[in-house]
Structure formats: structure tokens, C-alpha cells
Amino acid sequence: MFWFIIGIIVGAGGFALIQRTRRPDVPTTWYGWVLGIAAAVLGLLAVEAFTGSFAELEPTAAWMSLLALGLPAIILGALAWYLPRRTAPSDTVPGDDLIEDRPESEQSAL
Amino acid sequence: MNHPKSATDNEQATHTRGVSRRDFFKLSGATAGVAVAAGATAKGGRSKAFADAANGAASSNGSIHKRPWWVREVDEPTTEIDWGQKSRISEQQRTVRGPGLANYVGEDRAEEVGAIAAENKKQRILDNEPGYRLRDWAFYGSAGFFGFQHAPLSFLPLEGVESPDDLGVPRWEGTPSENANMVRAAMRHFGAATVGFVELDENTKKLIYSQDPDGKTVEFEDVDEAYENDDKRVIPDKAKWVIVYTMQMSEETMRLAPGPIGAGTTSVAYARFPQIQASTQGFLRGLGYQGLGESSINALGIAPAFGVLAGLGEMGRHNRLITPEYGPMVRVQKIVTDLPLEPTKPIDAGIQEFCKTCKVCAEQCPSDSLSYEDEPYWNTVGEWNEPGHKAWFEDAVSCMEYWRTGPGTNCGICFSVCPYAKKDETFMHTMVKATAARTRLFNGMFTNMDQAFGYGERDPEDWWSLDLPEYGIDTQRSARQQV
């Protein structure tokens, strides 16, 4: 049941992510996907090792696993989010994407 | 014994183990590299693709006992053997077990250490020492009393099961492969964990004891039926197959080694052993064949040697069998039979290679009885070792003396601290074992991680509150590992 729920969460999250990246204003790169998938895999492994180690009556190993796998997952996830934005043209970076929708007076002020 | 390190060095080595930044980042990198493959196989989803891809993977077609996909069958065991140096040895005269200690230290010293054990036991009970309280000793004594004192262990099958002759029907006939699977299926139900088969030839017969623990000789004769008298036990020449099997011990309980609770799981296994043996002998009798068992614990033949040849595991630094599925947490037993059985091949799961780097058992051994040599060696340490193969031969006398003067029970620290002695609730252990089976590159890091991740000692008082499964073992893990 635990992994069923995790599967639903991951599936829903993946679906939402794909929907978001289909927007033309969201920058995507191949290495962003690689980093993001690696982060997701490491994150899942961290959860698996964390819960599994508790099932083995090994709380220290559980927390160490969370650190050893979860921390790289967070770092890779952050890089997956940040690097594509750093290298993408500014007009595709979220936050700048609504300029054209603003009133003409505000655009000229910008 | 030639130990390159002193006891002080042991202590230092133990205490200085930890996770370096280098190891941490190696783990992260290694994890990213193998996570997808290991993770995908850990839960069984895509097992066949990996099993097929692994060259020589030990998953024989149609076998009910498929090995983990990362275990490779090999023609020669990872333990190097010189059969020319081997000859049959007497269990009674050569080993240190039981009364054998007196052969090496003298009757007086053997009695002295026995008296020390008895005195320590009483004092610890009176002192209410954690792990050595009255309830702990009661558990230990009762766990073993059936196996050690009242078990129906017999070289010849016990009467009771109807044979084909009794029924007036022909005996069972099957191919060796069919027979092997059939025996495995039955023995699994009787309580065996893994089952393998060795064919007896001029070499492997040397692993049958020349003399059993009770002093009776074990002989091969050209007779139709096995028999036993006051002096000898006779194996017919036609009984050419050895069924070698393991029984699980509880990792959780063994974590309390040394002491009565930790030793209790060994005793529980030995209490299950007579039932498995008697049932298997009866099963073979029911098929119309002979099953010749161990007349007492540790009789008939050299268990770890047969275990290696049957592919149940590899020899570890502690000079005992380490299995891919259960690590060292097994007892190994054997039955000789005339039912034709397809031999199982030795395996290479990277276990002995791992032991070359690891050395945790040697560092943790309180009697400094285990070797620190990087490579296994030909030279034995004493007469209790059987020559003719390369191993990390142990100082069995100092080990046995510690049993008596230390905990007063069998020890088992070398079993409990082994990195292979882990449960398998998390894929991480499978990933580590699978990686170690393919490359030695990360072995040192895995050892350090094992220490750093806190797989440490247990509080013996807590054990009494644990909700452990039957016999303290997980009988599902074999199925989980058949991926």
C-alpha cells in the first residue's frame, strides 16, 4: 500500500511536471531532464532505504540513508531546476513571461 | 598465527572507521550509477531481463531455487583446492569442538576453562548482568536442549515411513534434474533455506569424515544397503550424492552475540536440524532410496567445504560459509543418498573477494583468532584445520577458550558483524551485494559505510520486547531474492 501511494504521488507529480514543461515559456534542456530524473530516482531510493532500514530495526542506518541519498537528490533536483533557467534566454524564464500581457504603459515603463 | 596487526591496532582500526568525504561522494556517485539497475530488480519487476543479461547467472531453468541474479555459477570454486593434499580427517580427533579442546590444551586446562564458564554464569545471574540474567540463560538452555540432547539424529533413516517395498510398488524414478528439484521442494517445506548437491568422487569423498564425533569410523563399502554397528557406519558405494542444505539463523538475535541470547539462535537452528534431517531421510525412504544422515551435530562431513562445492556460498574470512542470500547466518548440514541428483555448481558472488578487503570480523574478534592477511593461504594454523585448500585459517583453540572464559556460550561475533549479515528490507543491501559481485572497486567503501551506518550492538534488554517472526527468521526473503 505504501508503494502504491508513492506511485500515485510520483505519477501525479510527473504528469503535472510534463504538463508544465509543455508551456513554451518554461525552459527545458536535456541535462535538466537527466538531473531531474536522477534526483527523482535518488529521492525514491532514499524513501525506500529510509523505510526499509526502520523495518530492519536499524534507525541509525535509516537516517544515514536519508542523508546519503536524500541530500544528493535535493542537490540534483535544485540543479535540475536552476541550470536550465541560468542558460535559457531571458524571455523564456518564468517571471519574465507575462511582460507581453501587461498594459502597454507598463511595458514601456519596463 | 601470523597476524600483521596487534590487538591495539585492531581497536584503533575499529574506532577509526567512518565515512570520509571521499567515501560519501563515492557512494553518491556509485548510487546514481547502479541505482536504476538495482532498484528496478529489487522489487522483482524486471528480473528476467537482468537475469538473462548476467552471463552465467545462477538461475537454472526450471529450478525452484533460483539464485539472486548477480550470483554466477562457476566451474571451480573461489576457494582454491589442491585435492592431492587432502585426505579424510577424524572429526573426533582433529576438531576443537566439544571435548576436542582437551586434545590441544590438555585435560587440566579444558576443565579449568569449563569451571570458569560455570562460575561466571552463576555470578552473572546473581549480579543480574544485562544479557546474562536468568531468563537469558533459560532461553539459551531451552533453545538448544532438544537439538543437542534429545534429537532423533540418526545415520540410518528412522523407521516409520512406508517404502515402495512396503507398498508393493516400484520405487520412484526420475531424472537427476527432476529429482533435485523434487528434493529441494520437499526440504524447503521441511525447513531448509537453500539446498545444493555434490557428487561424491575420489576427491569429494575426502570431505567425508573418517571418524564421527562419537568415535565410530565412517567407511565406504561395495554393499547394497547402508549399515551401522558398534564400530563403524558404512556408506554404500552407490550412494554417490550429498544433499547439502542450509538453515537460517536470526540476524536480529545473533546481533546480541556473544552471550546466551545471541547463541540461542544457533541452538534454535540446531533444534530444527533433526526434524529436517529425519523428514528428508523419511522422504527418501518413501521414494525407495537411502538417506544417510548425521548421527550427531557436526558429523558425517565437513560442512563448509560441501557448502562451497554445492554452490551454497563462498568461504569467508572467518573460515565459515557466507551465502549470497543470508550471509553467514546459516548452519550447514548434509545427507548422503543413492537417489541420483544433478550436482549444483560452485558460485562466485564476489564474497571471498569482499573478505579480502573487509576484515571487520577479524577486527571485532575478541580472542584475536581470525586472520588479517589480505589473501587466503595454504598453511594451516593448527591440526584442527584441514589442509589442502586456501583459506583464512583461524586459531580455533583461542576461539574456543574465549567461548568458555568469556561469554560461557558459543560466541558468534564474527557472524553478527559481517557486512553480509544484513536483513533485506531495503534494496540497499542487494545493491551492495550485486555491485560487490561484479567489481571490487567499491569494497573498501562498502565496508566503511557498513560501519558508519550504525549497524552496531543491541541492548539485550530490548530483545525481550521485539516482535520477531517465528524462529526469529524471515522465510520470505528467499522468495524476494529470486529476482
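Just so you know, all these numbers are worked out from the coordinates, no wet-lab data involved. Everything numeric here is computed off the predicted structure, so don't read it as measured data. Glycine gets a Cβ as well: all are built from the backbone with ideal geometry, and neighbour counts include every protein chain shown.
Normalised by the number of residues in segment B:349-483, the mean separation of alpha-carbon contacts (under 8 Å, six or more apart) gives a relative contact order of 25 percent. Extending 7 Å from the Cα toward the beta-carbon at both residue B:468 and residue B:107 defines two label points whose distance is 3.9 nm.
Segment A:1-59 gives an Rg/Rh value of 1.12, both radii derived from C-alpha positions and Rh following Kirkwood.
What's log10 of I(q)/I(0) for segment B:245-285 at q = 0.15, 0.33 Å⁻¹, Debye sum over Cα points only, no solvent? Treating every Cα as an identical point scatterer, log10 I(q)/I(0) equals -0.42, -1.03. Between residue B:459 and residue A:4, the FRET efficiency estimated from the beta carbon spacing at R0 = 51 angstrom works out to 0.90. Among complete DSSP H helices in chain B, those whose alpha-carbon atoms stretch at least 15 Å along the helix's long axis and whose mean Kyte-Doolittle hydropathy reaches 0.0 are B:21-42, B:134-145, B:260-287, B:427-438. Qualifying GluC sites (Glu not before Pro) in segment B:162-224, where qualification requires a DSSP coil assignment and no more than 12 other C-beta atoms within 10 Å, comprise B:162, B:173, B:202. With only Cα atoms counted, segment B:262-303 has Rg and Dmax values of 12.1, 40 Å. Among the GluC sites (Glu not before Pro) in segment B:410-483, those placed in a DSSP loop whose Cβ has at most 16 other Cβ atoms within 10 Å are B:457. Using a 4.7 Å Cβ-Cβ cutoff, the cysteines of chain B lacking any partner cysteine are B:355, B:358, B:365, B:399, B:411, B:418. In the P(r) worked out for segment B:116-254, what percent of Cα pairs fall beyond 25 Å? Here the long-distance tail beyond 25 Å is 51 percent of all Cα pairs in segment B:116-254.
Pair-distance distribution of segment B:389-483: all C-alpha pairs, bin width 5 Å, starting at 0; shares per bin in whole percent are 2, 9, 14, 18, 19, 17, 14, 6, 1.
If you scale each eigenvalue of the Cα gyration tensor by 5 and take the root, what three semi-axes come out for segment B:293-356, rounded to whole angstrom and sorted largest first? The three semi-axes for segment B:293-356 are 22, 15, 8 Å. Within 10 Å of the Cβ of each residue in A:51-63, the mean number of Cβ atoms contributed by other protein chains is 6.
When you work out D = kT/(6 pi eta Rh) for segment B:269-419 at 20 °C and 1.002 mPa s, using the Kirkwood radius from C-alpha pairs as Rh and the Stokes-Einstein form, the result is 127 µm²/s.
Along its three principal directions, the equivalent ellipsoid of segment B:143-198 from the Cα gyration tensor extends over semi-axes of 26, 19, 9 Å, largest first. Loop-resident trypsin sites (Lys or Arg not before Pro) (DSSP state other than H, G, I, E or B) in segment B:85-175 with no more than 13 further Cβ atoms inside 10 Å of their Cβ: B:171. In this structure, the amide hydrogen of residue B:235, modeled 1.01 Å from its nitrogen in the peptide plane, lies closer than 5 angstrom to those of B:219, B:220, B:221, counting only residues at least 5 positions away or on a different chain. Taking 10 °C and 1.306 mPa s as the conditions, I'd like the Stokes-Einstein D for chain B in µm²/s, using the Kirkwood hydrodynamic radius from alpha carbon pairs. Diffusion coefficient, whole number: 68 µm²/s. Beyond 29 Å in Cα-Cα separation lie the following of the pairs B:205/B:423; B:66/B:334; B:238/B:390; B:122/B:232; B:206/B:356; B:86/B:232: B:205/B:423; B:238/B:390; B:122/B:232.
Using helices alone, what [θ] at 222 nm do you get for chain B, with -39,500 (n - 2.57) per DSSP H run of 4 or more residues, divided over all residues and rounded to the nearest 500? That comes out to -11500 deg cm²/dmol. Distances between every pair of Cα atoms in segment B:425-470, grouped in 10 Å steps from 0 to the bin holding the largest one, split as 21, 37, 26, 15, 1 percent.
Across chain B, the relative contact order, built from alpha-carbon pairs under 8 Å that are at least six residues apart, equals 25 percent. Could you let me know the centre-to-centre spacing of segment B:282-348 and segment A:11-37, using Cα atoms, in angstrom? The two parts, judged by their Cα centres, are 54 Å apart.
Orientation-averaged projection of segment B:238-341 equals 6.8 nm² [convex hull of Cα atoms, one quarter of hull surface area]. The equivalent ellipsoid of segment B:87-179 has semi-axes of 43, 22, 12 Å, largest first, where each one is the square root of 5 times an eigenvalue of the Cα gyration tensor. Applied to segment B:205-213, the Karplus parametrisation 6.51 cos²θ - 1.76 cosθ + 1.60 on θ = phi - 60° returns per-residue 3J(HN,Hα) values of 4, 5, 8, 7, 4, 6, 8, 7, x Hz, with x for Gly and Pro.
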